[in-house]
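Step one of this worksheet: look at the structure below.
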Amino acid sequence: MKVLNTSLAILVLASSAAYAAVDFASFDTNGDGVISQQEAAANTQLVKIFDQLDTDGNGELSKEEFAKVQ
């Protein structure tokens, strides 16, 4: 069930009208090359799947990790 919920959250994030115009740089507001949990808070769907995308568990999303939603 958790996999299904994660898949649905990714689908919603990737297909939402708000996401369509948003890319990695839009979330990386401080320009440090990663998306922090604080930066991700701008999108509720991204917050829901943040932990699944953060495969190295460092509390940040790299461009490669974020690319999984596209």
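The values are calculated or read from the model by the stated rules, or taken from the named source; none is laboratory data. Model, not experiment: these values are computed from the prediction. In this analysis, Cβ positions are derived from the backbone assuming ideal geometry, glycine residues included, and neighbour counts consider all displayed protein chains. The accessibility values were calculated without ligands, DNA or RNA, using every heavy atom of the protein model including side chains. Shrake-Rupley method; radii C 1.70, N 1.55, O 1.52, S 1.80 Å.
The packing ranking of peptides 55-63, 33-41, highest mean first, is 33-41, 55-63, where packing means the average number of other beta carbon atoms within 10 angstrom of each residue.
Near residue 36, the amide H atoms lying under 5 Å from its own belong to 61; only residues 5 or more places off or on other chains count, and H is placed 1.01 Å from N.
Please report, as a whole percent, how much of the solvent-accessible surface of the range 24-68 comes from carbon and sulfur atoms (probe radius 1.4 Å). Numbers along the way, then the final one.
On the way: 1190 of 2540 Å².
Its accessible area is 47 percent carbon and sulfur atoms.
Working note: Cα gyration tensor of the range 24-68, eigenvalues times five, square-rooted, sorted largest first, giving semi-axes of 14, 12, 9 Å.
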